[in-house]
Amino acid sequence: MTHKDSIKLLRECEAGCSMGISSIDEILDKVRDDKYVRILQESKDHHDKLKNEIHNLLEQAGCEDKEPSMMAESMASLKTAFKMQMDDSDRTAADLIVSGCQMGIRSLHKYKNKYDGAGHTATDICNRLLDIEDELCHKSFPYL
């Protein structure tokens, strides 16, 4: 795998996985409902497993990892802290998760379109991350 679009798409997917993991980590200890905690933990595990798979593919291709931008992480962290401080309910946590998933889904579709020359492996990984984000979003709806 050396195609530029494949590598670029994989790097964006890896950054998306990292963002998802850190977002879940920020909320996980504030959630009270045990079932929702399990849903979040399961999604975090899926993100982490996929991130490791992407990391291995990029490493085989001789590429460096891509982490989310510091600005994006900082803004997400501030938003989470502010909203949870105002109302630390599971409803607020779910709202933040749903918003994050929807933003991730939009970004992934944008990158999938931008890097339309990506190979099957990179596209498949992107689709799997889209599925993970979509599933978490839908499983969070009952907590809104």
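The values are calculated or read from the model by the stated rules, or taken from the named source; none is laboratory data. Model, not experiment: these values are computed from the prediction. We place every Cβ from the backbone using ideal geometry, glycine too, and count neighbours over all the protein chains shown. In case anyone asks, the SASA skips ligands and DNA or RNA and just uses the protein heavy atoms, side chains included. Shrake-Rupley method; radii C 1.70, N 1.55, O 1.52, S 1.80 Å.
Can you tell which of Y111, T92, S22 lies farthest toward the positive end of the dipole of the chain, using +1 and -1 charges on the Cβ of basic and acidic side chains (Lys, Arg; Asp, Glu)?
Y111
Averaged per residue, what accessible area in Å² does the chain show with a 1.4 Å probe, protein chains only?
Accessible area per residue: 57 Å².
If one takes the longest principal axis of the Cα atoms in the chain, at what angle in degrees, from 0 to 90 and to the nearest 10, does the Cα axis of helix 4-28 lie?
Once rounded, one gets 20 degrees.
Between R32 and Q102, what FRET efficiency comes out of the Förster formula 1/(1 + (r/R0)^6) with R0 = 30 Å and r the beta carbon distance, rounded to 0.05?
Working: r = 23 Å, r/R0 = 0.78.
In this case the efficiency is close to 0.80.
Just to confirm the number: angle between the C-alpha axis of helix 34-60 and the first principal axis of the chain, 0 to 90 degrees, nearest 10?
Once rounded, the angle reads 20 degrees.
Please determine, in degrees from 0 to 90 and to the nearest 10, the orientation of helix 70-86 with respect to the longest principal axis defined by the Cα atoms of the chain, where the helix direction is its Cα long axis.
In the chain, helix 70-86 runs at an angle near 20 degrees to the longest axis.
Please give the contour-minus-distance gain from Q41 to S89: 0.36 nm per residue of separation, less the Cα-Cα distance, rounded to one decimal in nm.
15.5 nm is the gain from fully extending Q41 to S89.
So how much accessible area does K30 have, in Å² to the nearest 10, using a 1.4 Å probe?
Approximately 80 Å² for this residue.
Between A61 and K114, what is the label-to-label distance in nm when each label sits 7 Å out along the Cα-to-Cβ direction?
According to this spin-label approximation, the distance is 1.5 nm.
Which order do M19, M84 take when ranked by solvent-accessible area (1.4 Å probe, heavy atoms of all protein chains), largest first?
Final ranking, largest accessible area leading: M19, M84.
Would you list M103, M86 from the most to the least accessible area, probe 1.4 Å?
I get M86, M103, largest accessible area first.
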